[in-house]
Every structure is written in C-alpha cells, then in structure tokens.
Amino acid sequence: MSSPGSVWYTRCPAPTPLSITYQLGWLDKKFLNAGVAVRSIRDSKDPSVRQSHFTHALDYSFRQGGNIPPIWARSGGRETRVVGITTTDEFQAIIALPGSGIAVAKDLKGRRIGVPRKPNSDVVDFQRATALKGIVSALSLGGLDHRDVELVYLDTNEGDLIERGNGAFLGLKRRYPYGDELLALASGKIDAFFVKGAEGIVLANQIGAVVVAEFGFHPDPTIRINNGTPRPLTVDARFLDEHFDLVVDLVATVAGVGDWATSNPDTAVRFIANEIGVGADAVWAANGRDVYRHLALKLDQDQIAAFDHFKRFLLDWSFIPADFDVFGWIDGRPLEAALRRSAA
C-alpha cells in the first residue's frame with residue numbers, strides 16, 4: 001500500500017517524548033525520508049481539525065498527552081490503539097491560603113473545594129475530571145471522601161482552546177490553568193483547590209500557598225494516577241492496519257528519546273519547559289530531579305493497570321459514555337518491532 005502522503009500529530013504541553021522528538025526534528029526527518037509530511041493538529045486553522053486533539057477523529061493521526069481525551073474517545077467508539085506509554089510523575093496537590101486553618105487533608109472536612117467546569121463543552125471536560133480525581137485522592141489521605149466536603153463548581157463558557165496564540169492570550173501561545181480557581185480563592189468563594197504539574201507549582205509558589213496534601217509521588221499508584229500519569233501514545237486503528245511499518249518508525253523514533261534524555265538531562269528539561277511555557281526550574285521542582293530518566297516509552301503491565309483503574313474512575317463519575325476493555329486497547333506489536341530493530 002502506498003504511503004498516506006501526510007499524517008497528523010498532536011501533543012499536550014507536558015513532559016512527553018513525542019514533544020521532544022518534535023523539537024529535535026527527528027519526527028519530520030523520519031517521515032520525510034518515507035515521503036510523508038507531518039502536520040500539526042494544534043497548529044491547524046481549521047477548528048474541526050484542532051478538535052481532533054480531543055476526539056482523535058482524524059485518520060492517520062497520533063497523539064501523546066493527557067489520557068482522559070483518548071480514554072473518552074475510545075469509550076465513545078473511536079477505534080484507536082495504545083502503542084506506548086510514558087510515566088512521568090508530577091507535582092499534584094490541594095492548596096489553600098495561609099490563615100485558612102487548613103493545613104493537612106483532614107482539615108478539608110466541611111470546606112469548599114473549587115472544581116473547574118465547562119458545562120457546554122463538546123468534548124470531555126478533562127480539567128474537571130483531573131481536578132476531581134486529585135480531590136478524591138487528597139481526601140482519601142485524610143480519611144475523607146467527596147461527601148465530606150462541598151464541591152463548588154466554577155463554570156466557564158470559554159471553549160476548549162488549543163494553543164494557537166490569540167489576543168486573549170496576550171501574546172502567549174496558551175492560557176495557563178487555574179485562573180478561575182485562583183479568583184474564586186481570592187474572593188473567598190472557595191477554601192482550596194487542586195493544582196498539578198509545573199504550572200501548578202509556579203502558582204502555589206506565587207501566592208505563598210499552603211500545600212494541604214501533595215501526592216504526585218505517592219507510593220500507591222491508585223493515589224497518583226491522573227490525567228497526566230501515565231501519558232499514552234495513541235494511533236488510529238486505520239493508520240496501524242494500513243501502514244504498520246510507518247507506525248513502527250513512529251514508535252522507534254519516540255522511544256529513542258528515553259536514552260537521549262538520559263545523556264542530555266539539561267537539554268531535555270529545557271525542551272519540556274519550552275513545551276509547557278515555564279522556566280526549567282519549575283520542571284525540576286514539579287517533576288523531580290530525575291525527570292529526564294522518566295521519558296521512556298514502554299508498555300508495562302502496571303502502566304496498563306493504571307489506565308484500567310483510571311478508566312473505572314471516569315466511568316463511575318460519568319465522564320465516559322461506556323465501558324471498554326483497556327487491556328484489549330493495547331497493541332504491543334509496534335513497540336516490540338521497534339525494540340527488535342534497535343537490538344539488531
């Protein structure tokens with residue numbers, strides 16, 4: 001079968017080997033050698049194309065980033081496959097203002113916790129799901145559950161903005177998260193809220209927040225599993241079925257970042273910081289001093305089990321429309337072929 005001519009890709013502003021592959025130019029080079037152009041979903045001027053960042057609707061496309069949108073798309077019937085997984089733990093916390101009387105998780109009992117919500121979104125409300133999973137995890141550390149607190153939903157009608165710098169971003173390429181929560185906290189509407197990642201740690205630092213519970217590196221994976229941990233590399237099934245060798249090329253190229261980052265830690269962290277739009281110090285703080293050692297592409301059973309656990313959470317909270325077999329969603333053949341090629 002002839003090459004597709006072009007393929008689509010998208011990645012989230014987060015620590016992923018796909019992002020680093022793109023910044024190194026490896027992705028374009030590998031596919032151009034095969035006569036295939038690589039096109040960015042995020043940079044498209046067509047809103048329906050950009051929507052595929054969440055829906056995975058485009059044929060001949062691949063994605064690495066937060067796992068809620070691909071889980072949602074697969075639950076809704078979109079035929080995709082997970083061909084690799086990267087697990088890079090990150091800062092996750094509930095924060096409050098000094099003087100609030102909230103110092104540890106058990107102090108959240110009876111308090112108001114802010115939850116971002118997009119009631120009119122056409123795609124899964126991944127920010128709400130992420131916050132709720134973090135809140136549930138934090139409360140469990142204090143012997144509480146969501147019924148012990150008041151969840152205050154902070155509604156916004158702002159669309160699902162993909163990073164395409166516009167006037168509303170004041171010249172930046174993306175809007176940073178937690179704006180609605182911060183305003184609600186400052187006005188006294190809520191007592192605490194969830195943050196994660198480099199953006200979350202910068203915000204907590206900026207307001208001198210009390211870190212009520214931090215669990216991004218908790219030893220229990222069911223506590224720390226969330227939208228960003230782990231991050232799958234997904235492809236649509238048509239791409240995999242019709243152009244298996246190209247998918248192997250993709251997986252092999254992305255997998256190569258693991259060894260490269262171990263040998264180039266400072267550059268790897270600089271690339272991650274550039275992707276997120278923060279300083280490198282924020283990445284070191286949020287993801288740990290050995291973050292560059294956690295950019296490998298694998299398909300370990302514990303990673304797959306993590307997806308299965310999180311899928312059940314999303315199902316229980318009605319974020320996804322139907323159950324599906326997570327283990328059947330995994331296709332290890334491209335990674336196995338890539339590893340054989342590397343060994344040879």
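The values are calculated or read from the model by the stated rules, or taken from the named source; none is laboratory data. If you're wondering where the values come from, they're calculated on a predicted model, not measured in any experiment. Here the Cβ is made from the backbone with ideal geometry for all residues, glycine too, and neighbour counts use every protein chain on show. To get the accessible areas, we keep the full protein, side chains included, count just its heavy atoms, and leave off ligands, DNA and RNA. Shrake-Rupley method; radii C 1.70, N 1.55, O 1.52, S 1.80 Å.
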task = Set Lys and Arg Cβ to +1 and Asp and Glu Cβ to -1, take the dipole of the chain about its Cα centre, and tell me which of 56, 186, 70 lies farthest positive.
result = 186
Diffusion coefficient, µm² s⁻¹, Stokes-Einstein with Kirkwood Rh over alpha-carbon pairs of region 76-147 at 4 °C and 1.567 mPa s = 87
Antiparallel bridges, percent of DSSP beta bridges restricted to the chain (to nearest 5) = 55
ask   = Using the reciprocal of the averaged 1/r over all distinct C-alpha pairs, how large is the Kirkwood radius of the chain in Å?
value = 20.6
query = Add -39500 (n - 2.57) for each DSSP H run of 4 or more in the chain, then divide by its residues: what number comes out at 222 nm, to the nearest 500 deg cm²/dmol?
reply = -12000 deg cm²/dmol
ask   = Cβ under 11 Å from residue 143's Cβ, residue 143 left aside: what net charge do those residues give with Lys, Arg +1 and Asp, Glu -1?
value = 0
query = Let a ≥ b ≥ c be the square roots of the eigenvalues of the Cα gyration tensor of region 210-271; is it rounded (a/c under 1.5), or, if not, prolate (a/b larger than b/c) or oblate?
reply = oblate
request  = Work out how far the C-alpha atoms of region 186-344 reach from end to end along every principal axis, then list the three figures in whole Å, largest first.
outcome  = 56, 42, 27
query = Considering only protein heavy atoms, what per residue accessible area in square angstrom results for the chain with a 1.4 angstrom probe?
reply = 42
request  = Holding the Cα-Cα limit at 31 Å, pick out from 118/311; 196/311; 196/298; 106/173 the pairs that are longer than that.
outcome  = 106/173
request  = Compute the Cα gyration tensor for region 265-344, then decide on rounded, prolate or oblate, letting a ≥ b ≥ c be the square roots of its eigenvalues: rounded whenever a/c is under 1.5, prolate when a/b is larger than b/c in the other cases, and oblate in all that remain.
outcome  = oblate
task = Treating only the Cβ atoms of Lys and Arg (+1) and Asp and Glu (-1) as charged, compute the dipole magnitude of the chain about its Cα centre; round to the nearest 20 debye.
result = 380
note = Interchain or sequence-distant (5+) residues whose placed amide H lies within less than 5 Å of the amide H of residue 191 are 112, 113, 114
message = Can you give me the solvent accessible area of residue 155 with a 1.4 Å probe, rounded to the nearest 10 Å²?
response = 90
query = Just how many % of Cα pairs in region 228-315 lie over 20 Å apart, if you round to the nearest whole percent?
reply = 50
note = If each part is reduced to its alpha-carbon centroid, region 14-63 and region 267-344 end up apart, in Å, by 17
ask   = Expressed in whole Å with the largest first, what are the equivalent ellipsoid semi-axes of region 46-85 derived from the C-alpha gyration tensor as the square root of 5 times each eigenvalue?
value = 16, 11, 10
query = In degrees from 0 to 90, rounded to the nearest 10, what is the angle of the helix 333-343 Cα long axis to the longest principal axis of the chain?
reply = 70
ask   = Normalised by the number of residues in the chain, what is the relative contact order in percent for Cα pairs under 8 Å and 6+ residues apart?
value = 28
query = Where the accessible area of the chain is counted over protein heavy atoms with a 1.4 Å probe, how much of it, in %, is carbon and sulfur?
reply = 49
task = Kindly identify region 1-109 as rounded, prolate or oblate by the Cα gyration tensor criterion: order the square roots of the eigenvalues as a ≥ b ≥ c, call it rounded if a/c is under 1.5, otherwise compare a/b with b/c, prolate if a/b is larger, else oblate.
result = prolate
message = At a 10 angstrom cut-off on C-beta neighbours, averaged per residue, how do the peptides 137-143, 103-109 rank from highest to lowest?
response = 137-143, 103-109
